[in-house]
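Presented below is the structure to which this report refers.
Every number in this text was worked out from the coordinates using simple rules, so none of it is lab data. The structure presented is a predicted model; accordingly, all values stated were derived computationally and were not measured. Glycine gets a Cβ as well: all are built from the backbone with ideal geometry, and neighbour counts include every protein chain shown.
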Amino acid sequence: MHQEWTDQLSDYLDGELSADERDAVEAHLRTCAPCAAVLDDLKRVVARAATAAARPPDADLWAGIAARIETGGAASPGRVMPFGRREARRFTFTLPQLAAAAALLIAVSGGLAWNAAERIGAADPSVSVAQPPQTPQTADADAASPAAATGAAEFARVENVGMADAQYDAAVADLEKALKDGRGRLDASTIAIVEHNLQIIDQAINQARDALAGDPANSYLSSHLVEARRRKLDLLRRATALATETN
Amino acid sequence: MTLSGETPAGSGLDSDVALAAGGDQSAFERLYRTHVARIHSLTRRMLSTQEADEVTQDIFVRTWQKLGQFRGESAFSTWLHRLAVNVVIERRRSFAIQRDRMSDDPAALDLLTVGPARADLKVDFEQAIDQLPPGAREIFVLHDVEGYKHREIAVMLQIATGTSKRQLHRARMLMRKHLSGD
């Protein structure tokens, strides 16, 4: 084997040599069996690499990706924001806006419930089967409102929805209390919309939890539970802010 | 470069790309499940098994964040793959892995544990990649496994084309030595 020739074999294989260089290599290979054997080996390495199979990870990585997306990796501006960034913002929902958001939440929650129900093999006919649509756009925040800030301060500590159950439940309880206190400042139709959607989201949460009880390692279900919990917090937060703002 | 797995126009995956770009997380999950094996294999081969999971997650989070910039001028799989390569290269740079990647230390030839070829050649092949010196490894993966050209690799890694060629040959000779048991 001659290194001065074998050093050119990769370039030869890849068609990177000039015509003269290629002719010289081929002339040498005709008279040198060891170098020709190296070339054959290199061809096998290249062929093996070109057919190397892709192999998925041993563990499902989606849950981690979903969690990170939820906590700030927005696909489009304003889609997902960390909860803490909203505390000084003033929400300017109108009833039609809230109704539109509610309609989307119904579809999303239905999709979540469908996913969970399908997993446990117990589809609920009362839950609509829909592809989860885009998340409702965050309401514009024009200016900081002391009233909104006061209301938001109670749940500013809700930084993510991957929190422990006790912490999550406490945050929900705080928001529900704030909403109850401000209930008198919302009209009946708004209250009805909010309560109806909370009921649907709760149903999705419960179904996801039930499914997870039977399949605790299922990251797919876990990510949907996290999503449903996030949506409940989001709806409560928005409704509470609306009640506070109309004070 | 042409990659396998590209999606024909109007396919369901194209729809998923559009839906995901609009914020549809379920569509993005479908994209993830379609492409994760290829992306994870890339990260595993260019970095390490230990880093592959974390970096794969980074890549898909980055993809989600940048979907709005995807214009459809190339196949989504090509765009995703290039983004993944960039993330991997950034990772290598940030950890200074490339510090000695262009070393021409001939002793590197002895880094490989040479043994006879076994029946489970796929495992041997992956193990042989794992044992390549960093510089030779990334160029071997990019060129021979992923199909990039030397001029593309030179741009991505900010090296000379000749360096890319030398490192590739070095990697192939090491792979040959390992796989043939010479």
- Message: Straight-line reach only, C-alpha to C-alpha below 25 angstrom: list the lysines that residue A:43 could link to, leaving out same-chain residues fewer than 8 apart.
- Response: B:122, B:149, B:165, B:177
- Task: Count neighbours as other Cβ atoms within 10 Å of each site's Cβ, and list the trypsin sites (Lys or Arg not before Pro) in region B:50-91 that are DSSP loop with at most 12 such neighbours.
- Result: B:71
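Which of rounded, prolate, oblate describes region A:3-50, given a ≥ b ≥ c as roots of the alpha-carbon gyration tensor eigenvalues and a/c under 1.5 marking rounded, otherwise prolate only if a/b is larger than b/c?
Details: a/c = 2.27, a/b = 1.28, b/c = 1.78.
Taking the square roots of the gyration eigenvalues as a ≥ b ≥ c, region A:3-50 is oblate.
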- Item | Simple spin-label estimate for residue B:14 and residue B:86 in nanometres, 7 Å along Cα-Cβ | 2.4
- Item | Computed label-point distance, nm, for sites residue A:191 and residue A:3 using a 7 Å Cα→Cβ extension | 8.8
- Message: Place a point 7 Å from Cα of residue A:44 in the direction of its Cβ. Which residues in region B:154-179 have their backbone N less than 16 Å from it?
- Response: B:172-179
- Note on the structure: Straight-line reach check, residue A:232, cutoff 29 Å on alpha carbons, 8 or more apart in-chain or any other chain, hits among lysines -> A:177, A:180, B:66
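Shielding of A:7-18 by partners, i.e. mean partner chain Cβ atoms within 10 Å per residue?
3
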- Approximate spin-label separation residue B:33-residue B:54, in nm, with each point projected 7 Å along Cα-to-Cβ: 2.8
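Roughly how crowded by other chains is peptide B:57-67, in terms of the mean Cβ count from those chains within 10 Å of each of its Cβ atoms?
Numbers: counts 8, 2, 1, 8, 8, 1, 3, 10, 7, 2, 2.
The mean count of partner-chain Cβ atoms within 10 Å per residue comes to 5.
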- Using the beta-carbon distance between residue A:213 and residue A:183 and R0 = 25 Å, what value does 1/(1 + (r/R0)^6) give for FRET efficiency, to the nearest 0.05? 0.15
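Suppose the chain between residue A:173 and residue A:16 were pulled fully straight at 0.36 nm per residue; how much longer would it get relative to their current alpha carbon spacing? Please report the intermediate quantities before stating the final value.
Details: separation 157, 0.36 × 157 = 56.52 nm, distance 6.96 nm.
Stretched fully, the residue A:173-residue A:16 segment lengthens by 49.6 nm.
What's the extension gain from residue A:199 to residue A:24 if we count 0.36 nm per residue and subtract their Cα-Cα distance? Write out the running numbers ahead of the final one.
Details: separation 175, 0.36 × 175 = 63.00 nm, distance 8.00 nm.
Gain on extension, residue A:199 to residue A:24, equals 55.0 nm.
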- Item | Other protein chain Cβ atoms within 10 Å, averaged over every residue that makes up B:35-47 | 3
- Message: I need the shape label for region B:21-60. Rule: rounded when a/c is under 1.5, else prolate if a/b > b/c, else oblate, with a, b, c from the alpha carbon gyration tensor.
- Response: prolate
